[in-house]
Amino acid sequence: NPITFDKDGNLYWKTSIGGGTGGVVRIVSVNPEGQIRWNGNNDGADVDSLGLWYDGTAVVVGRDLVYTLGSEDDVASPLKAVAYRKTDGGLAWETVLPDSVPGASAAGQPAALLAPVLYQGKLYVIAPNVDSGAPGVYNTTLPQLVYRLNAADGELDWYTLLDGIKIRMEGAVTLVPDAFGAGEQGLYCNGDSGATGDGVPEVYGIKVKSDGAELAWAVEGGKVARSHVIYAAATGL
């Protein structure tokens, strides 16, 4: 999984089910010297499980908390957004993402999930709808849900179903402030339709408003392994 860092040089990542984890996915943090600071935990007791599957998403670092995606071990459970304290890895909050795809449906394969993005106290998550089936399958229509949560306590502000997305996506979401006007942020991501020049859009622009989200545009973009759209503020491109 990707490794992220904070201003003090501490590193954070989400594990897979191997590497001495005992099959339990968790968040790990190390200090700049490479010593493990903590595993994500339930207030110092047991390691807090984020499910039994691998998704390839990054840990999002905020001021006081770090954020990630996870699920229960129950194969029918939907995804959840989870926050841990940066100081000791204690669980701060977790919020179920309604109508999202069950995380365990991706067991045995990398799931096509996008890492959340944080902006001005709000956490934005884009995840496949439960009707999408296993998100690791190519060439499958994957209606995506956009969620906005309060980053401090995990309260769900709203979520919106976008049915115009046709492909799997994994990697990062890029947020551009006020891209569509004052208070209307832009979320951008790209994915893999399985082929180039097939007429299936691979790049998506999503308009975020105070009460929901809508698909602003979708264009052909070629084949890509992971979503990593880059925004240049100096040029607006």
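The values are calculated or read from the model by the stated rules, or taken from the named source; none is laboratory data. Because the structure is predicted, anything quoted here is derived from the model rather than measured. All Cβ positions, even for glycine, are placed from backbone atoms using ideal geometry, and neighbour counts span all protein chains on display. In case anyone asks, the SASA skips ligands and DNA or RNA and just uses the protein heavy atoms, side chains included. Shrake-Rupley method; radii C 1.70, N 1.55, O 1.52, S 1.80 Å.
Give the number of residues within the stretch 93-135 that are open to solvent by 50 Å² or more (accessible area, probe 1.4 Å), assigned to a loop (DSSP other than H, G, I, E, B) and modelled with pLDDT of 80 or more.
2
Out of ARG63, ARG26, which single residue is closer than 24 Å to VAL117 by Cβ and crowded, with 21+ Cβ neighbours inside 10 Å?
When all the criteria are applied, what remains is ARG26.
If you take the residues of the stretch 48-62 that are of a type in the set (A, V, I, L, M, F, W, C) and assigned to a loop (DSSP other than H, G, I, E, B), which of them is farthest from TYR124 (Cα to Cα)?
LEU52
Quick one: in the stretch 4-31, which of the residues that are part of a loop (DSSP other than H, G, I, E, B) and in contact (Cβ under 8 Å) with a residue 40 or more places away in the chain is farthest from LEU65 (Cα to Cα)?
VAL25
So in the stretch 41-56, with the set limited to residues that are buried (at least 23 other Cβ atoms within 10 Å of the Cβ) and of a type outside the set (D, E, K, R), which one is modelled with the lowest pLDDT?
Only one residue fits best here, namely TRP53.
Looking for something open to solvent by less than 50 Å² (accessible area, probe 1.4 Å), at pLDDT below 95 and of a type in the set (D, E, K, R) - is there at least one such residue anywhere in the stretch 84-92?
Scanning the stretch 84-92, I find no residue that is open to solvent by less than 50 Å² (accessible area, probe 1.4 Å), at pLDDT below 95 and of a type in the set (D, E, K, R), so the answer is no.
Got at least one residue in the stretch 34-47 being in a loop (DSSP other than H, G, I, E, B) and in contact with a helix residue (DSSP H, G or I) (Cβ under 7 Å, 6 or more places away or on another chain)?
Scanning the stretch 34-47, I find no residue that is in a loop (DSSP other than H, G, I, E, B) and in contact with a helix residue (DSSP H, G or I) (Cβ under 7 Å, 6 or more places away or on another chain), so the answer is no.
Looking only at the stretch 32-54, count every residue that is in contact with a Lys or Arg (Cβ under 7 Å, 6 or more places away or on another chain) and in contact (Cβ under 8 Å) with a residue 40 or more places away in the chain and tell me the total.
Qualifying residue count, the stretch 32-54: 3.
Could you list, in sequence order, all residues of the stretch 145-169 that are open to solvent by less than 40 Å² (accessible area, probe 1.4 Å), at pLDDT below 85 and touching a Ser or Thr at 6+ places or on another chain (Cβ under 9 Å)?
ILE165, ILE167, ARG168, MET169
In this structure, is ALA225 open to solvent by 20 Å² or more (accessible area, probe 1.4 Å), closer than 19 Å to ALA115 by Cα and either outside any strand (DSSP E or B) or of a type outside the set (A, V, I, L, M, F, W, C) (or both)?
When the stated conditions are applied, ALA225 passes them.
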